[in-house]
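Heads up, the thing below is written out as structure tokens.
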Amino acid sequence: KIEFLSGSRDGQTLAFSAGQTVYIYETATKTLAPIVPKDGAKYLSPSLSPDGQTISCRPYRPSATLCVLNRDGTVRDLGPSTKGATKSHFTLDGQTLYFANGPNFLRVPAQGGEAEIVVRGQYIENFNINAQGLMIAPVPVGNANVKPALIDDTGQVTPLEFEGNNFNNPTWSPGGTSVAFSLRQRYGGTTNAQGIYVWKNIKSQKVTRK
């Protein structure tokens, strides 16, 4: 099962996880190779840097800190302030990582250091960053429904008009004006994606499912 697929800015390199192993796929040569961490740990939730050379991820153990995994298998721990981090994303310049940790949304220098809270008291996990540094994420809005919101680097959260519920897994287009996303629906204890949709021209701040 392939999870947490992400790509480099030029589209030449992809990273994803499968069975607690992180893989790199080169689109030009169609080569697939696992990254073997030198510390012997298993890593989850990979997110590829824009240049395709490093991967942010977290070890498969409770209360782990966020790490940067290099393609040669060396690992750099980003420090105790990232303990409990879940999904993370690099900014376009590769210098900063945004990540979720429970009801807080934070950022930390990609070289390590003290994390800074950007949004407090809001569950923001399946977010994505565009070329202009603007983030989009599903945000809970009562009755367990999830609506899209824009988040800027100051922590301003702007909810968007949206015809539908349970917005999920947004991914920006390269130009940062359109977003692909899925809807999710719960059946008992299982959450299933309900199709892939495209939101065009995000600047209008109003989206209709296409």
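Taking the chain as a Gaussian network of alpha-carbon nodes connected by springs under 10 Å, the highest mean-square fluctuation of the residues Pro138, Pro174, Pro62 belongs to Pro62.
When Rg and the Kirkwood radius Rh are both evaluated on Cα atoms of the range 95-165, their ratio Rg/Rh stands at 0.98. Once you have a ≥ b ≥ c as the square roots of the Cα gyration tensor eigenvalues for the range 57-122, tell me rounded if a/c is under 1.5, and otherwise prolate or oblate according to whether a/b is larger than b/c. Because a/c hits 1.5 or more and a/b fails to exceed b/c, the range 57-122 counts as oblate. Enclosing the Cα atoms of the range 15-82 in their convex hull gives a volume equal to 83 cubic angstrom per residue.
Computed with every protein chain present, the accessible area of Lys200 is close to 140 Å² [probe 1.4 Å]. Distance distribution note for the chain: the fraction of Cα pairs above 28 angstrom is 26%.
Ranked by the mean number of other Cβ atoms within 10 Å of their residues, highest first, the peptides 107-114, 12-19, 49-56 fall in the order 49-56, 12-19, 107-114.
Subtracting the Cα-Cα distance of Ala18 and Lys30 from their residue separation scaled by 0.36 nm leaves 2.6 nm. Here the contact order of the chain, divided by its residue count and restricted to Cα pairs under 8 Å and six or more residues apart, works out to 10 percent. Put +1 on the Cβ of each Lys and Arg and -1 on the Cβ of each Asp and Glu in the chain; which of Thr65, Pro148, Leu97 then has its Cα farthest toward the positive end of the dipole? The listed residue farthest towards the positive side: Pro148. Is the range 1-117 rounded, prolate or oblate when judged by the Cα gyration tensor, a ≥ b ≥ c being the square roots of its eigenvalues, rounded requiring a/c under 1.5 and prolate requiring a/b larger than b/c? Prolate. With the simple model of a label 7 Å out from the Cα in the direction of the Cβ, Ile196 to Ala180 spans 0.4 nm. Distances over 12 Å make up what percent of all Cα-Cα pairs in the range 1-49? Cα-Cα pairs in the range 1-49 separated by more than 12 Å: 59 percent. Using Cβ point charges alone (K and R +1, D and E -1), the dipole size of the chain about the Cα centre works out to roughly 600 debye.
The values are calculated or read from the model by the stated rules, or taken from the named source; none is laboratory data. Everything numeric here is computed off the predicted structure, so don't read it as measured data. Methodologically, a virtual Cβ is constructed for each residue, glycine included, from the backbone with ideal geometry; neighbour enumeration extends over all protein chains shown. What goes into the accessible areas is simple: the full protein's heavy atoms, side chains included, and nothing from ligands, DNA or RNA. Shrake-Rupley method; radii C 1.70, N 1.55, O 1.52, S 1.80 Å.
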